[in-house]
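First comes the structure, then the notes that go with it.
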Amino acid sequence: MDERVVITGLGNINPNGHSTKEIWENINNGVSGVNPITLFDASDLNVQIACEVKSHKPLDHMSAREARHRDRFEHFVVIAANQAIAQSGLRDQQIAADKVGVIISIVIDHHFHGPSYSVNSACASGSDAIGTGCMLIKATE
């Protein structure tokens, strides 16, 4: 009988919120992440709106040194990964580090030794990452 593969933790930070719960609530309440551009002067551009992550506070999630040495997008990856790991309960378990893989490349921060790479397939990236993760888990059974 095939073993089941489950998702044990989710993490997310995007224009609709800073956690999976907040994002889900905003989506269900019709809150849009589209707003006027504020991260740079867009007055010369034809488009004045964007989906920006607002109120981003990297120092709530990492040291000042780490924040300085990482690009803004990396802050989001670290925050989402920390949320997923916390929700999964991985830190409370005795799991061999080589049995944990990451499909987005934050593996070094958490000392995991399994597969680590990013998936980019446009709007299907999230689903593609889940499917890829499932295949990797089944391949190592």
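The values are calculated or read from the model by the stated rules, or taken from the named source; none is laboratory data. For clarity, every value in this text was computed on a predicted model and none was experimentally measured. Cβ placement follows ideal geometry from the backbone for every residue including glycine, while neighbour counts extend to all protein chains displayed.
Just to verify a result, which residue in the stretch 109-141, among those that are under 28 Å from Ser63 (Cα atoms) and not small (Gly, Ala, Ser), is surrounded by the most Cβ atoms within 10 Å (Cβ to Cβ)?
It comes out as Phe112.
List the residue pairs whose Cβ atoms are under 6 Å apart, where the first residue sits in the stretch 48-63 and is among the β-branched types (Val, Ile, Thr), the second is surrounded by fewer than 16 Cβ atoms within 10 Å (Cβ to Cβ) and part of a loop (DSSP other than H, G, I, E, B), and the two are 6 or more positions apart or on different chains.
If the second residue must be surrounded by fewer than 16 Cβ atoms within 10 Å (Cβ to Cβ) and part of a loop (DSSP other than H, G, I, E, B), the pairs left are Ile49/Val34.
Out of Ala84, Ala42, Ala67, Ala50, report the one residue that is assigned by TED's automatic domain parsing to the domain that holds Gly17, within 14 Å of the chain's Cα centre (by Cα) and surrounded by 12 or more Cβ atoms within 10 Å (Cβ to Cβ).
Numbers: Ala42 fails: within 14 Å of the chain's Cα centre (by Cα); Ala67 fails: within 14 Å of the chain's Cα centre (by Cα); Ala50 fails: within 14 Å of the chain's Cα centre (by Cα).
None of the others qualify; the one that does is Ala84.
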